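Q: Below is a structure I'd like to ask you about.
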Amino acid sequence: MNKEPIIVLPWLECLSRSFGYFLINLKTVLTIVIPGLLVVAYEALAGTPLFCSMAQIENCTAAPSAYMGVVALTTLFSAYVMVAFARFVILKDRPRPFAFRFGVRELKVLGYQLAIDVIPGVVFGQILGAMVFYTNRHQDIWSKQLFLLVMVSILAAMIILSRLSLVLSGAAVDNENMKLKKSFEITKGNSNKIFWGYIVMSLPIIFLMTLLGIAGNLVADSLPLRLCFSAVFLLLIYLNVAVKMSFNAHLYQYFVYFDNKRTEDAEVKALEE
């Protein structure tokens with residue numbers, strides 16, 4: 001039995017199209033993400049936990065639960081951003097300005113995001129933390145080599161898991177055929193391109209987040225300025241979600257199109273034989 005040909009992703013072209021689409025439609029992106037700035041109201045009431053985390057303020061008055069609250073609210077709104085922008089890219093379904101909804105689509109996307117990104121990230125972080133603790137206690141060559149091996153293994157696992165990400169756009173556009181297995185199958189041979197593509201798409205915004213965190217230390221004593229910085233940081237978080245979703249949606253379009261074409265070609269060939 002002949003193996004199906006691997007779909008080869010034109011990496012640089014996909015990056016260029018994804019980032020270009022994001023920039024050209026930045027006005028639409030802003031209408032999607034700006035309602036998420038309402039989280040600043042919670043930030044003000046909870047003692048600015050997001051600002052403290054961003055600027056690494058040690059004497060923050062926010063309770064530990066306040067940090068979890070910000071993370072929960074931001075994650076919920078990020079799911080909406082992912083669905084809205086994916087549908088805009090793939091279906092040209094322009095969202096209503098400054099609207100917000102959280103339904104079945106958003107819940108599915110959130111579930112997939114937890115399964116392929118958040119939960120593995122927490123597990124990998126715990127493993128890495130344990131290895132750092134072990135290496136610091138055992139200053140020998142073997143422990144350092146083990147640490148390096150664990151680091152490489154975690155990176156390899158993250159790269160492989162990135163092939164599951166097409167389910168995010170699939171859920172956003174109600175494609176019931178796009179499951180984890182399907183996403184993994186049709187992206188065969190493209191693990192590194194997909195993983196590093198997400199990294200490259202995020203770099204400009206991560207750079208701005210880093211600068212904002214450094215500058216935040218200069219205004220730590222002013223509550224109004226703290227909230228302003230928190231609002232900008234929230235905006236950057238949502239923009240980062242949108243720019244990565246642009247890449248995800250373009251990946252989805254490319255792989256689904258050529259997978260369908262590959263199936264059609266195989267059927268035609270079978271009929272000719």
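Q: Remind me, what semi-axes does region 163-212 give for its equivalent ellipsoid, largest first in whole Å, using sqrt of 5 times each Cα gyration tensor eigenvalue?
A: 27, 14, 6
Q: Take the alpha-carbon positions of region 1-119, form their convex hull, and give its projected area averaged over all directions (one quarter of the hull surface) in nm².
A: 11.2 nm²
Q: Rounded to a whole number of µm²/s, how large is the Stokes-Einstein D of region 120-273 at 25 °C and 0.890 mPa s, given Rh as the Kirkwood radius over C-alpha pairs?
A: Roughly 128 µm²/s, to the nearest whole number.
Q: Peptides 216-227, 105-116: what's the order by average Cβ count within 10 Å, highest mean first?
A: 105-116, 216-227
Q: Net charge around residue 157, counting only other residues with Cβ within less than 14 Å of its Cβ (Lys, Arg = +1; Asp, Glu = -1)?
A: Here the count lands on 0.
Q: Quick check on packing: order 162-174, 38-50 by the mean number of other C-beta atoms within 10 Å, highest mean leading.
A: 162-174, 38-50
Q: What is the calculated FRET efficiency for residue 99 to residue 13, with r their C-beta to C-beta distance and R₀ = 41 Å, to the nearest 0.05?
A: About 0.80, to the nearest 0.05.
Q: For region 133-145, in order, what is each residue's ³J(HN,Hα) by Karplus, 6.51 cos²θ - 1.76 cosθ + 1.60 with θ = phi - 60°, in whole Hz (x at glycine and Pro)?
A: 3J(HN,Hα) across region 133-145, in whole Hz: 4, 5, 5, 5, 7, 10, 7, 9, 4, 4, 5, 5, 5.
Q: Tell me, how many Å apart are the Cα centres for region 58-84 and for region 124-158?
A: Rounded to whole Å, the Cα centres lie 29 Å apart.
Q: Hey, another quick one. Looking only at Cα atoms, what is the convex hull volume of region 15-78 per residue, in Å³?
A: Cα convex hull per residue, to the nearest whole number: 105 Å³.
Q: If you average the sequence gap of Cα pairs under 8 Å that are 6 or more apart and divide by the length of the chain, what percent do you get for the contact order?
A: That works out to 34 percent.
Q: What does the helix-only formula give at 222 nm for the chain: each DSSP H stretch with n ≥ 4 adding -39500 (n - 2.57), the total divided by the residues, and the result rounded to the nearest 500 deg cm²/dmol?
A: -25000 deg cm²/dmol
Q: With the Cα gyration tensor of region 192-246 giving a ≥ b ≥ c as the square roots of its eigenvalues, does the rule (a/c under 1.5 for rounded; else a/b larger than b/c for prolate; else oblate) give rounded, prolate or oblate?
A: Because a/c hits 1.5 or more and a/b exceeds b/c, region 192-246 counts as prolate.
Q: Let me ask something else. Under 13 Å from the Cα of residue 108, which aspartates and glutamates turn up, not counting those fewer than eight places away in the same chain?
A: 174, 176
Q: Right, next: Can you tell me which lysines have their Cα less than 16 Å from the Cα of residue 92? Leave out same-chain residues fewer than eight positions away.
A: Result set, ordered by chain and number: 27.
Q: Next question. For residue 156 and residue 208, FRET efficiency with R0 = 45 Å and r from the beta-carbon atoms, rounded to 0.05?
A: 0.95
Q: Want the number for residue 223 to residue 23: 0.36 nm per residue separation, take away the alpha-carbon distance, what's left?
A: Stretched fully, the residue 223-residue 23 segment lengthens by 68.8 nm.
Q: Principal axis lengths of the chain from Cα atoms, whole Å, largest first?
A: So the three principal-axis extents are 76, 58, 31 Å.
Q: Sort by residue number and report every cysteine in the chain with no other cysteine beta carbon within a distance under 4.7 Å.
A: 14, 228
Q: Once the whole set of protein chains is in place, how much accessible area is left on residue 142, using a 1.4 Å probe, in Å² to the nearest 10?
A: 150 Å²
Q: Lysines near residue 3 by alpha-carbon distance under 19 Å, same-chain residues fewer than 8 away left out - which ones?
A: The qualifying lysines are 181, 182, 188, 261, 269.
Q: Would you grab the residues whose amide H sits under 5 Å from the one on residue 57? Only those 5+ places off in sequence or on another chain, please, with H modelled 1.01 Å from N.
A: Close amide H contacts, sequence-distant or interchain: none at all.
Q: Now for a different question. Looking at region 2-84, which trypsin sites (Lys or Arg not before Pro) are DSSP coil and have at most 11 other C-beta atoms within 10 Å of their C-beta?
A: Listed in order of number, the matching sites are 3.
The values are calculated or read from the model by the stated rules, or taken from the named source; none is laboratory data. Predicted model, so just to flag it, every value in this text is computed and none were measured. Here Cβ is always computed from backbone atoms with ideal geometry, including for glycine, and neighbour counts include all displayed protein chains. In case anyone asks, the SASA skips ligands and DNA or RNA and just uses the protein heavy atoms, side chains included. Shrake-Rupley method; radii C 1.70, N 1.55, O 1.52, S 1.80 Å.
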